[in-house]
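Asker: One structure, pasted below without further comment.
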Amino acid sequence: VHVYRNSVGLGVTLKTEAQVQELVEEMRHRWHAGDYDILYHNCCSFADEFGMELTGRGLPGWVNRLPRLLSNVDVEHVVSKAVSRAVSRVQDGEESQKFISREPSLETVTTMDPAGEGSRT
């Protein structure tokens, strides 16, 4: 969930409206939905690049702090440890109930016959 924090002024551009439209068209070719990455190619990175092109000023460092912090994390190691802990818990029976299906079996399905009478099969 996104929570609005505040607006960030980046200054005033000297570009004309036509130049801004041209810039948007140029950027459109570099910013495809399929290239979206939650950490490195997102709305904040777009705004940073757009601001640099318009005013020579990008976003303040705090805006994109999370990707910089995460770039120093060994994600493979963290995920591997988390998976190992989860597997150990399941093997120890601690969380086995979470993996039992709660879907009704064929033995407990209620059906309606053409006369509208419910019957359990």
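Read-outs: derived from the displayed coordinates by stated rules, not from any lab. Values in this document were obtained by computation on a predicted structure and should not be read as measured data. Backbone-built Cβ (ideal geometry, glycine too); neighbour counts: all protein chains shown.
Asker: If I take R0 = 30 Å and measure r between the Cβ atoms of Val24 and Asn72 in this structure, what FRET efficiency does the formula 1/(1 + (r/R0)^6) give, to the nearest 0.05?
Answerer: Efficiency, rounded to the nearest 0.05: 0.35.
Asker: Which residues does the label zone of Lys15 cover in the range 46-73, counting backbone N under 19 Å from a point 7 Å along Cα→Cβ?
Answerer: 46-60
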